[in-house]
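Student: What follows is a single structure, and I will ask about it in a moment.
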Amino acid sequence: MKRIVSLLFLLILVLLAKAASYKVLRLNHPQIFINGKHAKVGDVFNDQAVIRWTKDRQAMQVIDTSSKKRYLMVAKPSEKRELTALEIFTRINHLSTHAPSGEVEQFDKLEMSIAPAYDLFDQITIPTDIPVNDTHYFRGTYQYGDASVIKRLKYENGCIVIDKSLFHLDNKVLEPRDIILSIDYVVKTPANAVFIKNNIQLTIIPEILE
């Protein structure tokens with residue numbers, strides 16, 4: 001019996017040693033709590049920490065201290081106010097992981113890698129192998145009130161980049177708002193475009209939540 005207890009204790013120690021830790025990089029509201037204490041930039045916590053939100057769209061940008069991968073944790077109206085970090089990361093990974101198997105065409109591979117919904121805090125990056133130049137590029141289309149907006153999407157370091165410049169038009173800047181986005185790939189002329197994906201839900205997360 002003592003041996004079993006010792007083995008269980010050792011297993012717990014190993015699991016705790018392997019538990020990921022995360023460091024807070026940014027907050028958009030002061031009333032966010034980690035394990036009952038006000039969250040602040042620089043705080044470090046593991047995936048068993050309890051995150052308590054007080055308002056919808058509160059956001060906390062964190063980095064995995066081992067892998068250096070960044071995550072955006074957001075308070076959702078459909079979720080509980082108190083969740084473990086693991087529960088939040090499980091939802092994030094469920095939305096963002098769409099790994100195709102086997103031989104897949106480039107466009108199909110990209111379509112499968114794009115999540116059905118994103119939270120836009122600073123920027124979203126979507127890796128792709130599809131080449132981009134002056135005549136071949138990605139564009140986004142969305143409805144803003146009664147107007148249909150078409151915007152060439154940024155492309156940097158092998159990634160489609162979606163940020164709030166999506167709302168910057170030639171002659172005016174629109175107030176960022178939640179939209180449904182479609183993405184296609186222009187080949188030489190705007191009239192010749194390859195459909196990639198539609199019905200992408202984009203939720204705007206304010207940098208400072210009042």
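The values are calculated or read from the model by the stated rules, or taken from the named source; none is laboratory data. Only a predicted model underlies this, so the values are computations on that prediction, with no experimental measurement involved. We place every Cβ from the backbone using ideal geometry, glycine too, and count neighbours over all the protein chains shown. Surface accessibility is based on the protein's heavy atoms, side chains included, excluding ligands, DNA and RNA. Shrake-Rupley method; radii C 1.70, N 1.55, O 1.52, S 1.80 Å.
Student: Anything in segment 27-84 that is open to solvent by 50 Å² or more (accessible area, probe 1.4 Å) and touching a residue at least 60 places away in the same chain (Cβ under 8 Å)? List them, or say none.
Tutor: Across segment 27-84, the qualifying residues are Lys55, Arg57.
Student: Then there is this: Of all residues in segment 148-188, which are touching a residue at least 12 places away in the same chain (Cβ under 8 Å), of a type in the set (Lys, Arg) and not in a loop (DSSP other than H, G, I, E, B)?
Tutor: Across segment 148-188, the qualifying residues are Lys151, Arg152, Lys164.
Student: Here's something else I'd like to know. Hey, could you check segment 169-202 for residues that are more than 20 Å from Met112 (Cα to Cα) and either polar (S, T, N, Q) or touching a Ser or Thr at 6+ places or on another chain (Cβ under 8 Å) (or both) and say which is surrounded by the most Cβ atoms within 10 Å (Cβ to Cβ)?
Tutor: Looking at residues that are more than 20 Å from Met112 (Cα to Cα) and either polar (S, T, N, Q) or touching a Ser or Thr at 6+ places or on another chain (Cβ under 8 Å) (or both), I get Val187.
Student: Sticking with this one: Answer yes if at least one residue in segment 127-143 is closer than 30 Å to Leu25 by Cα and part of a loop (DSSP other than H, G, I, E, B), and no otherwise.
Tutor: yes
Student: For the condition small (Gly, Ala, Ser) and within 29 Å of Lys55 (Cβ to Cβ), what is the one hit in Ala117, Ala147, Ala191? Walk me through how you get there before you give the answer.
Tutor: On the way: Ala147 fails: within 29 Å of Lys55 (Cβ to Cβ); Ala191 fails: within 29 Å of Lys55 (Cβ to Cβ).
Going through Ala117, Ala147, Ala191 in turn, just one is small (Gly, Ala, Ser) and within 29 Å of Lys55 (Cβ to Cβ): Ala117.
Student: While we're on this one: When the residues of segment 137-188 are narrowed to those that are at negative phi and polar (S, T, N, Q), which ends up farthest from the chain's Cα centre (by Cα)?
Tutor: If we filter segment 137-188 for residues that are at negative phi, which is where we start, we get 137-144, 146-156, 159-187.
Remaining after also requiring polar (S, T, N, Q): 141, 143, 148, 165, 171, 182.
Values: Thr141: 19, Gln143: 21, Ser148: 25, Ser165: 17, Asn171: 29, Ser182: 17 Å.
Out of the qualifying residues, it is Asn171.
Student: Check whether at least one residue in segment 189-204 is more than 15 Å from the chain's Cα centre (by Cα), over 28 Å from Pro131 (Cβ atoms) and outside any loop (DSSP other than H, G, I, E, B), and report yes or no.
Tutor: Filtering segment 189-204 for residues more than 15 Å from the chain's Cα centre (by Cα) gives 189-199.
From what's left, over 28 Å from Pro131 (Cβ atoms): none.
Among the residues of segment 189-204, not one is more than 15 Å from the chain's Cα centre (by Cα), over 28 Å from Pro131 (Cβ atoms) and outside any loop (DSSP other than H, G, I, E, B), which makes the answer no.
Student: Residues of segment 85-117 being open to solvent by 40 Å² or more (accessible area, probe 1.4 Å), at pLDDT 85 or above and not polar (S, T, N, Q), which ones?
Tutor: Leu86, Glu87, Phe107, Asp108, Lys109, Glu111, Met112, Pro116
Student: Of the residues Leu169, Leu153, which single one is at pLDDT below 95 and of a type in the set (A, V, I, L, M, F, W, C)? Break it down into steps so the answer makes sense when it comes.
Tutor: Details: Leu153 fails: at pLDDT below 95.
Exactly one of Leu169, Leu153 is at pLDDT below 95 and of a type in the set (A, V, I, L, M, F, W, C), namely Leu169.
Student: Return the total of residues in segment 123-156 being under 14 Å from Ala193 (Cβ atoms) and loosely packed, with under 11 Cβ neighbours inside 10 Å.
Tutor: Residues flagged as under 14 Å from Ala193 (Cβ atoms) and loosely packed, with under 11 Cβ neighbours inside 10 Å within segment 123-156 amount to 1.
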